[in-house]
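The values are calculated or read from the model by the stated rules, or taken from the named source; none is laboratory data. Quick caveat, the model's predicted, so the values are computed rather than measured. Neighbour counts are summed over all protein chains in view; Cβ atoms, including those assigned to glycine, are modelled from backbone coordinates with ideal geometry.
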Amino acid sequence: MQAGGLKWHIQQAGDGPALLLLHGTGAATHSWRDLLPRLAEKFTVIAADLPGHGFSEALPTTQMSLPGMARAAGDLLRALKVEPQLVVGHSAGAAILVRMCLDAQIKPRALVSLNGAMLPLRGMAGVVFPTAARLMAATSLVPRLFSWRAQDPNAIARLISSTGSKLDRLGAELYARLIRDPAHVAATLNMMAQWDLVPLERNLPMLKTSLVLIVGSNDLTVSPNEANRVKALVPDAKITTLAGLGHLAHEERPDEIAKLITRIFEGHAPAVTLC
C-alpha cells in the first residue's frame, strides 16, 4: 500500500486488539512467519517491511535514520487508520517503537522489546561501527559483494550463528534470499550509517509507556546486559530472560514468545466490570 509517499509491504491477520510488529535491521516480515499466525489467534496483527527492507520502498538516504523511520511508520499507521494497543519490536524495531511512543505517534498499553537495540554501542565499537557503516554505504560495490557472498550457504550459516540463534533450513534460506538482493543490502547499510541512538538514550527516562524487555540469554548481537542499562534509565521496565535463546529468539521459539506477549497484554488490559 501507499503511505507517506512510500510503497509499503504489509501483512495483516487475525481479529481482536491491534498489535503492531516491527522487525530489526536487515530483516523483513519473514522473521514473524511463525509468530504472527499464533498472535493472530488473539489480535489483529499488522507487520510491515521497514523502508528499504524486503518489499518496501526505501526512504531517501538521509531519512533512513531513527527519527525518519519512526515518522514513516507513523505515516503508515495513519494511512491504515490503526491505533495499536500493543507494539512489539525486534532489535532496531524496538528502538523505532520507543521513538514513536516518545513522539506521541502511538499510545499503546505496552511496548514489548525482543532483544531490543536501544542504546549506543560502548567503547571503540561506538566509534568504529558507524564510521565503517558509512564507508560501506557510500559505494554500490559493497551491497553487490554481500549479495554475491550470500550464494554460499556456509556464509549464511555463519551469519546466523553469529547471532547466537539456531534456525531451521527455511529460516536460513529466507535470510539468504534477502541478502542476495543488493537493494535490500544497500538499504540496510544506509540505515546503519544514519543510525544514532544517543538522542534516544537521552530521552528514554521520559518514556511513559509500559516497557517489557524480553532477552535471549545467548544473544551474541545485543548483549543481554543491555537490558539492565535500559532498566537503569526506565526503572519501571520489566525484564524477562529466556535461557539458551539468541538474538532471533522469536524465530527459535515462537510458541513461547506468543504466550509471553499475550500475557503481557492481558496484564495491561483494562479491568472489565460485569453488571
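Checking the stated criteria, residue 38 turns out to be modelled with pLDDT of 95 or more, more than 17 Å from the chain's Cα centre (by Cα) and outside any loop (DSSP other than H, G, I, E, B). Within the stretch 50-65, not a single residue is in a helix (DSSP H, G or I), at pLDDT 95 or above, more than 25 Å from residue 264 (Cα to Cα) and among the acidic types (Asp, Glu).
Counting only helices (runs of 4 or more DSSP H) that sit completely within the stretch 169-275, those holding 2 or more residues that are surrounded by 20 or more Cβ atoms within 10 Å (Cβ to Cβ), within 15 Å of the chain's Cα centre (by Cα) and of a type outside the set (A, V, I, L, M, F, W, C) correspond to 249-252. If only residues of the stretch 96-107 that are part of a helix (DSSP H, G or I) and in contact with a strand residue (DSSP E or B) (Cβ under 7 Å, 6 or more places away or on another chain) are counted, the one that is surrounded by the fewest Cβ atoms within 10 Å (Cβ to Cβ) is 101. If the condition is being on the phi > 0 side of the Ramachandran plot and at pLDDT 95 or above, then the stretch 16-35 contributes only 16.
The combined condition, being without any contact (Cβ under 8 Å) to a residue 60 or more places away in the chain and surrounded by fewer than 24 Cβ atoms within 10 Å (Cβ to Cβ), is not fulfilled by residue 26. Have a look at 110, 92 and point out the one that is modelled with pLDDT of 95 or more, buried (at least 19 other Cβ atoms within 10 Å of the Cβ), farther than 19 Å from residue 44 by Cα and touching a helix residue (DSSP H, G or I) at 6+ places or on another chain (Cβ under 8 Å). After applying the criteria, what remains is 92. Test residue 159 against the criterion of being outside any helix (DSSP H, G or I), buried (at least 16 other Cβ atoms within 10 Å of the Cβ) and at pLDDT 90 or above, and give yes or no. In short, no.
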